[in-house]
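Okay, structure first, notes after.
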Amino acid sequence: MEEVLISRTTVSTVYTLGTSYEAVDVFTKPPGGTEFRFTTELWNPFTGTSTTSSSIKSSTSTTRSSSMSSSTSSSRVSPSLINATQPIELDGKSGLSTGAVAGIAIACAVAGLVIGVISGVLLFRRRKQQGSSDRARRDEYDSQEKPLRSHISSTDRLQLDQFLLDPTPDAEIRTELRSLNQLLQQHVENNYHNLSVSPNIDILSAELVRLGVGDTSSAKRLASLALSPRSRYSAIQHIIASVAFASVTLDGTSPLSLLPEPMSLFASAIPATESFRGNPEAVDVAFTRWRQLSAFLLNPSRSDRTPLVPSEDASTHQAQRLAETLNVFLEPFVAGDRDDRYEQENHLREVIVECATFGYLLLSQPSEYRFRFDDGVNSNQIIVFPGVDRISDEDGHRHPSLVQPIARPVVESL
């Protein structure tokens with residue numbers, strides 16, 4: 001007898017893992033048998049997103065048999081198969097058992113732990129290497145920083161000298177001196193007379209001492225030369241030049257200084273070198289450097305690398321006060337009336353300003369210079385205008401062999 005088809009049911013099952021399956025279940029009854037057989041004809045995977053569910057499409061066909069029992073059995077079975085949802089049961093070929101899933105989970109956990117340990121070890125080594133590299137860079141920077149500071153300290157003088165005044169040529173200094181000598185000579189010849197006067201010599205010599213022109217004996221000699229018509233002009237030139245140039249000398253004896261006040265005050269406050277423990281050479285070097293830097297810093301036009309020049313106050317008020325102080329001695333020898341005396345005082349102030357400007361030029365030089373009023377002259381001679389000597393090099397070192405005469409004093413016979 002031919003096998004009887006009882007039912008064909010299509011079941012769609014969706015699992016929570018996102019994979020769905022579609023199967024065609026077939027129920028058959030062999031000829032002469034009493035048990036039904038269940039087979040799956042199709043098993044097609046497709047994608048689904050919903051949770052587990054089943055849908056059943058039933059197509060039932062019954063075949064009449066010769067016996068009523070077969071028809072009756074078919075009618076009893078078909079409703080249950082059509083109305084019931086048949087979940088698909090996975091076997092070993094189509095899914096994973098619970099033990100396999102647990103094994104995979106344990107293996108993944110172990111693998112994750114191993115990967116974490118390896119990552120931690122690698123990260124630790126990387127940080128350790130980075131720390132060593134940073135320390136090496138710091139050590140390299142420290143090793144380079146000290147030589148750099150040493151290099152700067154050894155070359156800061158060279159770098160600073162690039163901004164200081166270049167030495168003025170000796171020929172230019174001599175030219176300036178000749179011009180000043182002529183200016184002073186003209187001032188004396190045009191503003192003082194050579195008539196006989198009879199002031200007290202002691203009063204005149206005391207005034208010269210107050211002006212800082214020599215001691216008592218030399219002051220009396222100059223006063224007597226000024227009283228004599230034959231030597232008056234020479235004596236007056238010597239006195240004016242001595243007072244004017246002393247006013248722009250750091251160790252000058254003039255009662256009124258035309259130097260910048262900070263420099264003159266500081267120079268006067270420097271104590272003398274100790275007799276037994278002092279180092280004069282160190283003091284000379286330090287003093288020279290201080291003078292160079294002071295002339296540079298006090299110069300409002302330092303970027304032009306030009307010499308320091310007298311300020312407006314020095315060119316007017318201070319020079320005027322010095323001219324008035326000098327005129328206390330010169331007043332008996334001034335020629336002319338009241339207007340002539342006014343012109344004499346103004347011209348004397350201009351001479352003082354010109355001498356101060358030259359003194360500022362020497363003050364700004366890298367080397368140190370000195371005005372010289374003694375040249376081994378005898379009693380029948382007098383220096384009417386000083387000479388200039390270079391007494392130290394640019395580093396402040398002094399030595400008798402380093403003294404270089406730039407211009408000799410102007411000497412006149414009496």
Those residues of the stretch 369-389 which are touching a helix residue (DSSP H, G or I) at 6+ places or on another chain (Cβ under 8 Å) and either of a type in the set (F, W, Y) or farther than 23 Å from H187 by Cβ (or both) amount to Y369, F371, F373, F385
Restricting attention to the stretch 189-212, does a residue exist that is farther than 26 Å from D339 by Cα, assigned to a helix (DSSP H, G or I) and either of a type in the set (K, R) or outside the structural domain of I240 (by TED's automatic domain parsing) (or both)? yes
Using beta carbons and a limit of 6 Å, which pairs, at least six apart or on different chains, have the first residue in the stretch 260-281 and of a type outside the set (K, R) and the second one part of a helix (DSSP H, G or I)? M263/S294; T273/P280; T273/V283
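Is it the case, given these coordinates, that A272 is of a type in the set (A, V, I, L, M, F, W, C), surrounded by fewer than 18 Cβ atoms within 10 Å (Cβ to Cβ), out of contact with any strand residue (DSSP E or B) (no Cβ under 9 Å at 6 or more places or on another chain) and outside any helix (DSSP H, G or I)?
On the way: of a type in the set (A, V, I, L, M, F, W, C): yes; surrounded by fewer than 18 Cβ atoms within 10 Å (Cβ to Cβ): yes; out of contact with any strand residue (DSSP E or B) (no Cβ under 9 Å at 6 or more places or on another chain): yes; outside any helix (DSSP H, G or I): yes.
Taking the combined requirement at face value, the residue satisfies it.
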Condition first: surrounded by fewer than 18 Cβ atoms within 10 Å (Cβ to Cβ) and either among the polar types (S, T, N, Q) or closer than 30 Å to T288 by Cα (or both). Now tell me which residues in the stretch 182-209 satisfy that. Q182, Q185, Q186, N190, N194, S196, S198, N200, V209
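Regarding I236, is this residue hydrophobic (A, V, I, L, M, F, W, C), under 30 Å from V209 (Cβ atoms) and surrounded by fewer than 14 Cβ atoms within 10 Å (Cβ to Cβ)? Don't jump to the end; show me each part of the working.
Details: hydrophobic (A, V, I, L, M, F, W, C): yes; under 30 Å from V209 (Cβ atoms): yes; surrounded by fewer than 14 Cβ atoms within 10 Å (Cβ to Cβ): no.
It is false that I236 is hydrophobic (A, V, I, L, M, F, W, C), under 30 Å from V209 (Cβ atoms) and surrounded by fewer than 14 Cβ atoms within 10 Å (Cβ to Cβ).
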Suppose we filter P262, P229 for residues that are over 25 Å from D389 (Cβ atoms), in a helix (DSSP H, G or I), out of contact with any helix residue (DSSP H, G or I) (no Cβ under 7 Å at 6 or more places or on another chain) and assigned by TED's automatic domain parsing to the domain that holds C355; which single one remains? P262
Could you tell me which of the residues V403, V377, V388 is at pLDDT 90 or above and either surrounded by fewer than 19 Cβ atoms within 10 Å (Cβ to Cβ) or not aromatic (F, W, Y) (or both)? V388
Considering only the stretch 307-414, give the strands (runs of 3 or more DSSP E) lying wholly within it that have at least 1 residues that are of a type in the set (G, A, S), assigned by TED's automatic domain parsing to the domain that holds L183 and touching a Gly at 6+ places or on another chain (Cβ under 7 Å). 404-407
Given (1) part of a loop (DSSP other than H, G, I, E, B); (2) surrounded by fewer than 12 Cβ atoms within 10 Å (Cβ to Cβ); (3) at pLDDT below 90, index of the condition T253 fails: (2)
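Against the definition (of a type in the set (K, R) and at pLDDT 90 or above), how does R302 come out, yes or no? Spell out the reasoning first.
Numbers: of a type in the set (K, R): yes; at pLDDT 90 or above: no.
So R302 fails the test.
The values are calculated or read from the model by the stated rules, or taken from the named source; none is laboratory data. Nothing here was measured: the structure is a model prediction, and the numbers come from that model. Cβ: placed from backbone, ideal geometry, glycine included. Neighbour counts: every protein chain shown.
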